[in-house]
Each structure stands twice: as C-alpha cells, then as structure tokens.
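We did not get these values from a lab; they are worked out from the coordinates using the rules stated. Predicted, not measured: the structure shown is a model, and the values here were computed from it. In this analysis, Cβ positions are derived from the backbone assuming ideal geometry, glycine residues included, and neighbour counts consider all displayed protein chains.
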There are 2 protein chains.
Amino acid sequence: MSAALPQVFPHAGLPARVTVYEVGARDGLQNEKATVPTAVKAQFIDRLAEAGATVVEATSFVHPKWVPQLADAEDLFTGLRRRDGVRYPVLVPNPRGYERALACGAREIAVFASATETFARRNLNTSVEGALAEIEAVVARARAAGLWVRGYVSMCFGDPWQGPVDPAAVAAVVERLLSAGCQEISLGDTIGTATPGHVRALIDTLGSRGVDPARLAVHFHDTYGQALANTLAALLAGITTVDASAGGLGGCPFAKSATGNLATEDLVWMLDGLGVYTGIDLPALVETSRWMAGHLGRPAPSRAVQALTKD
Amino acid sequence: MSAALPQVFPHAGLPARVTVYEVGARDGLQNEKATVPTAVKAQFIDRLAEAGATVVEATSFVHPKWVPQLADAEDLFTGLRRRDGVRYPVLVPNPRGYERALACGAREIAVFASATETFARRNLNTSVEGALAEIEAVVARARAAGLWVRGYVSMCFGDPWQGPVDPAAVAAVVERLLSAGCQEISLGDTIGTATPGHVRALIDTLGSRGVDPARLAVHFHDTYGQALANTLAALLAGITTVDASAGGLGGCPFAKSATGNLATEDLVWMLDGLGVYTGIDLPALVETSRWMAGHLGRPAPSRAVQALTKD
C-alpha cells in the first residue's frame, strides 16, 4: 500500500494556506461521555501542537455542573506546556468563566453567541440580545486587558427547534460581535444541516456588509455528511480559517442530532491534496487521534483516521 | 425538531439537475458480507425506483465464484418490476457475463476497465490492454444489439499498489472506451484518495482532449471522507451524473482500504440544499435504506441516514 498521502493537485480559487483551528480538546472532549484524566488532556494538546497545529483550543471555563468533562480547566491550563508559535485559546461562556481564565493567565479567549432565539433560550438560558449584552461586557474587559478574542456564533445555518435561519439575522449578530471587539468570528453549523450554497450565501452576505472573510472562520459538523463539502465552498468564498476536531471527536450535548465535528484529518487530507499549506503533519496527527481514541475507548470517527489505521 | 430537509441556497456554477446513478443494489450489496434473499433485493431496487431514482444498477453477471452475493443475477433480473422512466443497467465483467445479461433481456449494460496495470492484473487478471481488447469486443456486440453501454474506469485517482495515477493515462483509457462505443464513462476513485483539485484536473484533462463532461459520471468512495467534496468539485467542473449508493452501502472487496461508496442520502441532502433537481424523495430513500439496513443487520453508514433516523 502506498496511499499514505494524497497526490497534489491545486484547485483554482483557493487560498495558499489555511489556519486550522483545532477544537478537539475542547469541543471534542466536552461531548465525549468519558472523562479524560487531566494529564492525558495535556498530552493530547501538546501532541496536537507537536503535529503542527498552530491554534489549539485548550478547554472551557464553563461551570462544572454543565460540562463535568472540563471541570479541570484550571489545572489543565496552568499545567500546559506552551510551544512557541502556538496559540492556546480557551472558551469563556460568561463573566465568571472570564475571571477564571484570566486568573490562569489565558491570553486568547473565545466567547459564545447564538444566531437564534430558541438556541439562546435553551442553551444559554437568555435571549440573543441578553447573550450579546453579556458578551460585550466580557469582550470590552478582555480587549482592555490585551487579550485576543474570538466570537463563536451558533446555529448560523439551521436551528433544531425553529428550522430555517436567515443569513441577515446571522450577519446582525456577527456585526455586533465585531463591533464589540472580537478579532475573529467562527460561523457555526451546530446541527450540520448546511449545504455549500448556504455557506456561500452567508459569507457573501457578510462580505456585502463589509465583513472581510479574513476575519471569519467556519465551524462545521458532519451530522449530514456535509462538513467537508461545505468547507470547500467556504474556502472558495475566501475563508482561510477552518475549525476542526482531531479524530472527528465531539458534537453538541445541547443540540439533538449534532454529531461529530469535521475531522481534522479529513480536512488535512483534502488540503494536502489541494496543495494548501496547513503546517500539520498528517501521520503524526493520525497517530495522536489513534492514541486519544485508545483513552476514550472507541475508534476515532474520522474516515481518514480509519483508512490510515487499516494500512 | 424541524431539520428534516435542508434550506435551499443555490451555488454559482452548478447544473440545474443531476442524474443520480444508484449503485447500492450492485456495488453496495456485492461488498456486504451478508447474502440478501433475491426477493429482498428486488424489493430494494423497486423501492429505490419508487423513491425517485431513475437509474438503478440492478446486479452484476459476474461468476458466482468471485461474488457469491450476486449469484442470483438471472433470477433477480428477470423477476424485477420495471417502472416507466427507470433504467436498470447491469454490470457485465466479461463476454460470458454479457451473454447471460442478454439472455435475461438486459437493455443497458456496464463494462469495467482499469486505469492502472496493477489493478488490472490483480482484479481482472489481465493487463490494461487485455481488458480493453475484451471490452471492445463486448461493446461492439452490445451496441450492434441496440444496448446502452456504460464504461467504468477503476483507479482513476490512485492505486493501492502503484500509488499515483497520471490523468493522461486515465484519459487514454476513457478515450478507448468512448471509441469502442460506450455512451457514458464513470470515473472511479476506487480507493477514495482523490481530492477536489485532482477531480478537476482529470475532468479538465478530458475536456481538453474533447471529452464532453455530459458523457462522464463520477464514482467516489468515502474512504478518506472526501467523496462529497469531490462531488462538489466535479459538479463545478461540469459533471451531471453522480454514482451513489443508498445508505452508503459497499466498498470494494479487491482493494484494501476501499470502504464505502458515497451515500446517496448525503448526496441528495447536498443537492436538495443547492436546489439541484434529482427527482429523489429523500425521506422515502432514507426509509428504504433503514429497511435494507435491517436486512443486513447493521446500521447504514450514511451520516444523513443516521441523523434522520435519530429524529
């Protein structure tokens, strides 16, 4: 067998390089049933960085009552080995989470908004506006303290309760987050229903309102098998930052049918084949996901990991 | 939950309609371990047609020694209910298979070539040239008898033994098949290693040599998770016929790591979302794949089927 790496054939209209924003340690592990020892998480994050990931979201300073898998956020984050050139953002779901992250020395944070009222009410226990007001206060403090801030927007392409989501409504939330001071916005297809034209429409809508695609990231779930096709559409629309989860770990515990983030390996296989630089060493990443799968007691959902494991 | 169908957002550069060439009953079932009763296969095919599939590859007239799962080809094919407007091609791997198909009244057949010497030797027990010579004889007889003929080309994007495959070598085989009289050529990524630029490069190479994309189909396996992204690239390159397998059944018993055809449901989800007409009713198709999965004793690999089953 000699199919360990894809042949390289560029495609018109794509960027020369893509930043992979690795969410496996946070979005992945928070949705796995097993609780992983802190030392294993730390090693997972360090192996991801060693494999070439330049942004590794490390954990979430969420209340342990909601996500017990990440109750060790302080211990994990303060004990992390920091590699040069690698960023380790953490999710802060509320002002208390921000205080905890700041106390641990976090320099990059991510906040979390909803594009839809139903998800805001059910997941955040507030309204879209209520969430934004709280976020604006956190972002103002974070920026004043010199932190880098990403804003996640959930349910940008569909909502499990209300159904369709209007790109204009998403754009309004994105603009609020940018005005608040977020340096990057991640557009989340939390339930995985998006298709490539929808992705293009949202990015173009944002572009027509003056939002530079360089400030946007995409965050796809593979619930309906669309994640990589949507990523291709996003790259063709000018996006250069893509969220992905090593091994395809994760999902969303609050949204029914939200299974599986885009697997980093499937993404890197595509980007390697397209000649788009990521800096990630695919075999090292696969080995890391296989090792993590051993700790989780189940195979990695990533198809590329499965295929490369058979060889 | 109201996410049963995607929102519709067209994407520039795509066709208004796509013909889904359904291979689940042949390429799918021939690679499933379980042998399915003939009556169940017949019902599967009829349910696929009832769900809106207009081309349903029914079986293969291969020697039962090689594919015992399809040893009932005669009984199945002669007993099939034929719906108006639906084509039921059958695979004929050699002259003996052609005789058997013709004796059963087949009016559409598919022949099978390899783009690589190693696959020709290991799978077909001949050379690329030897396979083509035999195919030319079969196609000549079939066309003289008024049959419609498709030519499959395996290993168009990678070969498990030799590795890289040159698009020019694939083009040479495609041209031979077209010259022989094949009306349609299916470009097979048998081991699933292709990425979107490679797909574009092959279609463009063929176009530069005068091959109309309207005469081409693409046949992707999801081994590395690339199948749907590759399909999007193929559609953007002018392809309008896509092979897919209901539920994602199948693989290739001769090629290591060749797991899973592109799932028809994942494809139809994307095309429905893009507003590209297929004629296929997604809920009916999902129901058919769930029913078939029950007979096979394992869940359908299709992510869309899994997501829609949870609802």
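Brief remarks on what is shown
- Chain B, helix-only ellipticity at 222 nm - DSSP H runs n ≥ 4, -39,500 (n - 2.57), divided by all residues, nearest 500: -11500 deg cm²/dmol
- Solvent-free Debye scattering, log10 I(q)/I(0), computed from the Cα coordinates of the protein assembly as shown at q = 0.08, 0.12 Å⁻¹: -0.55, -1.15
- When +1 charges are put on Lys and Arg Cβ atoms and -1 charges on Asp and Glu Cβ atoms, the dipole computed for chain A relative to its Cα centre reaches about 360 debye.
- Minimum Cβ-to-axis distance in chain A for the rotation onto chain B, with residue, whole Å: A:Ala229, 2
- Its alpha carbons give the range B:40-199 an Rg and a Dmax of 15.9, 44 Å.
- Gaussian network model of chain B, Cα within-10 Å springs - most flexible of B:Asn31, B:Asn123, B:Asn94: B:Asn123
- Most simply put, chain A has about 10% antiparallel DSSP beta bridges, counting only bridges with both residues inside it.
- At R0 = 22 Å, FRET efficiency that the Cβ-Cβ distance of A:Arg141 and A:Asp75 yields, to 0.05: 0.35
- A point 7 Å from Cα along Cα→Cβ stands in for A:Gly105, and the other copies hold the same point at 7.9 nm, listed in rising order.
- Which of B:Met155, B:Met270, B:Met292 has the fewest Cβ neighbours within 10 Å, and the rest in rising order: B:Met292, B:Met270, B:Met155
- Net length available on complete extension from B:Asp166 to B:Thr205 is 13.0 nm, with 0.36 nm assigned per residue and the Cα-Cα distance removed.
- Shape category assigned to the range A:19-308 from the gyration tensor of Cα positions, a/c cut at 1.5: rounded
- Span from the the range A:79-107 Cα centroid across to the the range B:73-111 one, whole angstrom: 64
- Residue among A:Ala140, A:Ala194, A:Ala244 with the largest mean-square fluctuation in a Gaussian network model of chain A, springs linking Cα atoms under 10 Å: A:Ala140
- Distances between equivalent label points of B:Arg122 across the copies, with each point positioned 7 Å along Cα→Cβ, amount to 4.8 nm, shortest listed first.
- Whole-angstrom gap from the range A:213-250 to the range B:267-311, using each part's C-alpha centre: 22
- Here the range B:112-162 and the range A:140-170 have alpha carbon centers that stand 52 Å from each other.
- For B:Asp75, the point set 7 Å out from Cα toward Cβ sits 6.3 nm from its twins in the other copies, listed from shortest up.
- For A:His198, A:His295, B:His221, order by how many other beta-carbon atoms lie within 10 Å, fewest first: A:His295, A:His198, B:His221
- Selected from B:Tyr21, B:Tyr88, B:Tyr277 as most flexible by GNM, with chain B as the system and alpha-carbon contacts under 10 Å: B:Tyr277
- Cβ-placed point charges (K, R +1; D, E -1), dipole of the range A:77-132 about Cα centre in debye, nearest 20: 300
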